[in-house]
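The values are calculated or read from the model by the stated rules, or taken from the named source; none is laboratory data. Fair warning: this is a prediction, and the values are worked out from it, not measured in the lab. Cβ: placed from backbone, ideal geometry, glycine included. Neighbour counts: every protein chain shown.
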Amino acid sequence: MSKNFDVVVIGGGPGGYIAAIRAAQLGFNTACIDEWKNEKGGPAPGGTCTNVGCIPSKALLQSSEHYEHASHGFAEHGIEVKGLGLNLEKMLGRKNTVVKQNNDGILYLFKKNKVAFFHGRGSFVKGDANGYEIKVAGAAEETITAKHVIVATGSNARALPGAEFDEKLILSNTGALSITEVPKKLGVIGAGVIGLEMGSVWRRLGAEVTVLEALPTFLGAVDEQIAKEAQKLLTKQGLAVNLGVKIGTIKTGKNSVSVEYTDAKGEAHTGEFDKLIISIGRTPNTIGLNAEGVGLKLDERGFIAVDGDCKTNLPNVWAVGDVVRGPMLAHKAEEEGVAVAERIAGQHGHVNFNTIPWVIYTSPEIAWVGKTEQQLKAEGVQYKAGTFPFLANGRARALGDTSGMVKFLADAKTDEILGVHIVGPMASELISEAVVAMEFRASSEDIARICHAHPSLSEATKEAALAVDKRALNF
Ligand code: FAD
Ligand code: NAI
């Protein structure tokens, strides 16, 4: 049986499912193929993000933060908790329920938007500018055809040579989100986004966490001042971050993992851990697509090669999200998905890479958009900086979370906002104002002149904007 579509999307993660919905909204007869299975073998669309990424990690970050507050934080509010216990099985069960709600939500959205969903692996059979034949291999085998194909097959965790993931002792993000007993000693290789988020979860639940990072600087891509503050705060919480290490042999025993490494001074160590998370980045996933069979070009790092519009080398074949260049973020994948659907419709979809926000959901959160101070220096841009600490913000004091700051970077001549960097409470929400401001090419004075509700954390944003002109009012 052949089914003919205007647009077929391969991959149902945030890039793919959003592209499919937007294409359907634009009037295209659209299908989405996704192979992710839930524990019963049924469909679980939403990709890495929904199943083993953004959503379950944030569920566990929330639960573990509640636990930490109950064990330490509530006391200063005069709330005494006696007999506090951890039911990890229930915590993991809640996380799984949150994931399932998101899987079901996507299936509902497909129905609502009349997107045909195929559960299985999609691979190219043949095709040209007139259309493509795609085989779906899954519960039911079928071949469908498409005038346009959007590839959104995502990414996989990168393994360290000689230390393959077994998800029992050596864990990728998948295993790190499902540990059934809090490890006494947890090793984490890579102090990137996953290392810090998952390290925080298990530390809060009682693990002694050692993070081993190859680079000599902490969060090298983050504004230096913010990264230093974040390092200080996370270290104070008990996350032991070792920078400049060189990982040697990793051996697994019956119930433990040993990691040989040298520290920044060249001294040799062996770390003994109950579990080891390896979070050293992710690699693009093109397994099973038959890219080579149809001549779909990959770049030297294995990403599908695309131009600025997400066009591949094949006519009417597009690619979005983690499988192409650029930051591996769910919202970047979504924006590309929408833009491609709109381009197929002859519209002018656009993604502004300079205003894609980043958030690391540690406590305090770290969030930024635009250029860092070190980038501006390297580019020779003349800039002004303004910072404001949450310590001087009334709402932060009332919350009992005064750590961190907001930092503005603005052009020295025009005052246009070039970057905003936050480490502090609810930075993930606060950063939106900066994104909007930068999209509208606002000046720091624009933000400084806008009325912000009192008392609110957003007043720290306004004050940092005022500080660019050295006229913060509350500091
Ligand atoms: P994916 O989400 O990887 O989806 C690809 C889908 O395609 C998968 O379902 C896969 O099974 C399917 N697929 C692959 N090949 C085929 C095929 N041949 N046929 C059919 N189906 C196929 N990003 C954020 O922005 N915020 C966060 O808080 C965040 N947290 C994260 C936490 C963790 C632990 C991890 C690992 C990642 C996190 N990310 C976060 C990154 C985010 O998950 C990715 O950037 C995002 O999922 C990329 O979306 P995508 O659609 O490109 O690919
Ligand atoms: P990452 O790129 O954020 O960090 C990897 C870290 O590992 C880097 O600091 C790197 O220097 C280090 N490293 C690399 N090789 C090493 C080695 N051999 N020994 C020791 N350290 C080594 O990658 P991560 O944490 O795996 O996450 C992958 C991606 O997933 C992120 O880059 C991000 O795009 C996405 N993500 C986003 C989240 C968010 O938006 N909140 C949360 C989690 C993941």
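From the list Ala70, Ala75, the one residue that fits, being surrounded by fewer than 17 Cβ atoms within 10 Å (Cβ to Cβ), over 19 Å from the mean Cα position of the chain (by Cα) and modelled with pLDDT under 95, is Ala75. For the stretch 441-452, filtered to residues that are in contact with an Asp or Glu (Cβ under 8 Å, 6 or more places away or on another chain) and either hydrophobic (A, V, I, L, M, F, W, C) or assigned to a helix (DSSP H, G or I) (or both), the residue that is surrounded by the fewest Cβ atoms within 10 Å (Cβ to Cβ) is Glu445.
For the residues Val81, Val98, the requirement of being aliphatic (A, V, I, L, M) and without any contact (Cβ under 8 Å) to a residue 12 or more places away in the chain singles out Val81. For the stretch 165-220, the candidate set comprises residues that are in contact (Cβ under 8 Å) with a residue 40 or more places away in the chain and charged (D, E, K, R); within that set, the residue that is nearest to ligand 1 (Cβ to nearest atom) is Glu197. Residues that are within 15 Å of ligand 2 (Cβ to nearest atom), of a type in the set (Asp, Glu) and under 23 Å from Ala367 (Cα atoms) do occur in the stretch 202-222, at least one of them. Has the stretch 301-323 got at least one residue that is closer than 30 Å to Leu169 by Cβ, within 14 Å of ligand 1 (Cβ to nearest atom) and assigned to a helix (DSSP H, G or I)? Yes; the residues of the stretch 301-323 include at least one that is closer than 30 Å to Leu169 by Cβ, within 14 Å of ligand 1 (Cβ to nearest atom) and assigned to a helix (DSSP H, G or I). Taking the conditions exactly as written (assigned to a helix (DSSP H, G or I) and out of contact with any Cys (no Cβ under 6 Å at 6 or more places or on another chain)), does Ala464 satisfy them or not? Against the criterion (assigned to a helix (DSSP H, G or I) and out of contact with any Cys (no Cβ under 6 Å at 6 or more places or on another chain)), Ala464 qualifies. For first residues located in the stretch 101-119 and not assigned by TED's automatic domain parsing to the domain that holds Gly47, partners that are surrounded by fewer than 17 Cβ atoms within 10 Å (Cβ to Cβ) and of a type in the set (A, V, I, L, M, F, W, C) and lie 6+ apart or on another chain with Cβ distances below 9 Å do not occur.
For (1) within 27 Å of Val359 (Cα to Cα); (2) within 21 Å of the chain's Cα centre (by Cα); (3) modelled with pLDDT of 95 or more; (4) of a type outside the set (Phe, Trp, Tyr), each residue gets a yes or a no:
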residue: Asn242; (1), (2), (3), (4): yes, no, yes, yes
residue: Gly248; (1), (2), (3), (4): no, no, yes, yes
residue: Lys251; (1), (2), (3), (4): no, no, yes, yes
residue: Asp274; (1), (2), (3), (4): no, no, yes, yes
residue: Ile278; (1), (2), (3), (4): yes, yes, yes, yes
residue: Gly295; (1), (2), (3), (4): no, no, yes, yes
residue: Gly302; (1), (2), (3), (4): yes, yes, yes, yes
residue: Ala339; (1), (2), (3), (4): yes, yes, yes, yes
residue: Ile344; (1), (2), (3), (4): no, no, yes, yes
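What's the total number of residues in the stretch 401-440 that are over 24 Å from Lys228 (Cβ atoms) and crowded, with 24+ Cβ neighbours inside 10 Å? The number of residues fulfilling the criteria is 1.
Screening the candidates Val306, Val320, Val241 for the property of being of a type in the set (Val, Ile, Thr) and in the same structural domain as Val211 (by TED's automatic domain parsing) yields one hit, Val241.
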